Each structure stands twice: as structure tokens, then as C-alpha cells.
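**Q** Before anything else, here's the structure in question.
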Amino acid sequence: MKDLVKTYQMGDNVVHALRGVSLDIEKGSFVAIMGASGSGKSTFMNTLGCLDKPTSGEYYLDNVDALKLDKNELAELRNKKIGFIFQSFNILARTSALENVELPLLYNNKVSSKERKEKAIKALESVGLAERMNNMPNQLSGGQQQRVAIARALVNEPVVIMADEPTGNLDTRTSFEIMDIFQELNNKGITIVMVTHEPDIAKCAVDNVIFRDGQIIGNRKVQDRLIAKEELKKFPADQIDATT
């Protein structure tokens, strides 16, 4: 990303959401994006996820000039190269865990129904939900629902996973369980970009990028990085995910 600028017209006022943001995110990175409300981090992530276009600037995703693509090309780019994870999980309530994970593959006519199911099962196995694949969301805890969302983000084998406050609705232990999955995925070479306002969660990443007033004011390696697996050992063995 180079010199990203985003302005909005709000009545008579011009809002400068991004003020010349430049950032390189290397393959295999684990980056936490931080900043107060209104700092520009959400606008930045929307641009990164090809959900919104900047007013000016350059953005290349996996060597593709994302800003020159039309609506259909952008949709295809999002589907094939980006896995999204949201704070509110965004999984379908009347659809099983397996069917939720299969959803992104429905738009790929090169994948047969048999292959689609196999890929979805593999993704659920990777997040420890093999035994829950036929459960409906109301039969799953909050942490398990977020695992379904992670599996869905993985199923297309994207070049980057973008997570917007992925632990925002979860208790502390469950948050570290999700970070343990993220760290394992990152150790396998998957690129992760995550928005968070929680310092402990940000310390699970490798790099922290700090936004303020539409600009990056900090970009640094995490010191004393938290390893989620070690953090989980500090919780009582009988404490379970109580999130609903």
C-alpha cells in the first residue's frame, strides 16, 4: 500500500479517514492493527479487504493492482485470496458448521460438491471442530462459532486472513484459544492481519501497526511476545468457554 488517502463528504464537512498511509505486509506476517475509534484502522482494513476503494493511492495484493479491478473482478479477488473473520462471527444461524464452511466454495464452479465437502471437513479439523461439523450455531459456544468462522476463512486457501476484532465477543481464555489457532496458522506460513483494541491480543502478533488520525504513527516488532499456548496454561483446567 502506498500513499492511501480516503476522504468522505459528511454534509459540509470533509472527513480525512486516511492521510497518505503506506505499508508493506510481507507474506507470512502476523500484523495487529491498533488505534482508537476514528483513527482510520477500519477504513484501512476495508481497503485492504477490497471492500472499499481509497480516494487515491496504490494497493497491490499478491502482485495484483486491486484498484484497477471492476466490481466482479474484486469479488473474485476477495473470494480467492482473502479469508475474512469478524467480531460477530457472521455465520448463518440455520446452517450447520460444515455447510457454513462450504459457503465460499459454492462460488467456485471448478470445485465439485464432493471436493467442497472434503475441503470443509479438513478446514474444520484444522481448528479442532471435527466432531462438531453437523452442529447448528445455537449448539455451539461463542468460541466454537468463531472457530467455524476461521475454518470458513481458510477453506479457499487464501493468501491472507483478515480478522476484525476476532476476540471482541469472547472471554479471556477463549480469546487465547483463538490466538493459539492464529499462531499455529501463522507458523504454517499463513499471513494474518488483525484489528484489535486489546493489548494482550496484539502481543500475540509479530508486528504492531498503530493508527492515529488517519496516519500510521507506529510500526514495530512485538517485544515480549505472548505465546497463546503458554498463556492458556495459566487458566484452571476446568474452566471452559462460557461465551454464548
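Rule-based calculations on the coordinates, nothing more; no lab input. From a predicted model like this one, the values you see are computed outputs, not experimental measurements. Here Cβ is always computed from backbone atoms with ideal geometry, including for glycine, and neighbour counts include all displayed protein chains.
**Q** Between E157 and K233, how many nm apart are label points set 7 Å from Cα along the C-beta direction?
**A** 3.5 nm
**Q** Using Cα springs under 10 Å in a Gaussian network model of the chain, which residue among R147, R116, R220 shows the largest mean-square fluctuation?
**A** Judging by the Gaussian network model, the answer is R220.
**Q** Okay, next question. Would you please classify the overall shape of the chain from the alpha carbon gyration tensor, given that a ≥ b ≥ c denote the square roots of the eigenvalues, rounded means a/c under 1.5, and beyond that prolate means a/b larger than b/c while oblate covers the rest?
**A** Values: a/c = 1.84, a/b = 1.26, b/c = 1.46.
Oblate.
**Q** Take the alpha carbon gyration tensor of the stretch 142-240, find the square roots of its eigenvalues, order them as a ≥ b ≥ c, and report rounded if a/c is under 1.5; if not, report prolate when a/b exceeds b/c, else oblate.
**A** Numbers: a/c = 1.64, a/b = 1.23, b/c = 1.34.
It is oblate, given that a/c is not under 1.5 and a/b is not larger than b/c.
**Q** Something else now. For a footprinting-style exposure proxy, rank R212, R173, R152 by other Cβ within 10 Å, fewest first. Write down the numbers at each step before the final one.
**A** Numbers: R212 15, R173 18, R152 26.
Ranked by crowding around the Cβ, least crowded first: R212, R173, R152.
**Q** Please report the spacing between the Cα centers of the stretch 149-172 and the stretch 73-133 in Å, no decimals.
**A** If we compute the Cα centre of each part, the gap is 11 Å.
**Q** Once every DSSP H run of n ≥ 4 in the chain is given -39500 (n - 2.57) and the sum is divided by its residues, what mean residue ellipticity at 222 nm do you get, rounded to the nearest 500 deg cm²/dmol?
**A** Working: 8 runs with 77 residues, N = 244.
For the chain, the value works out to -9000 deg cm²/dmol.
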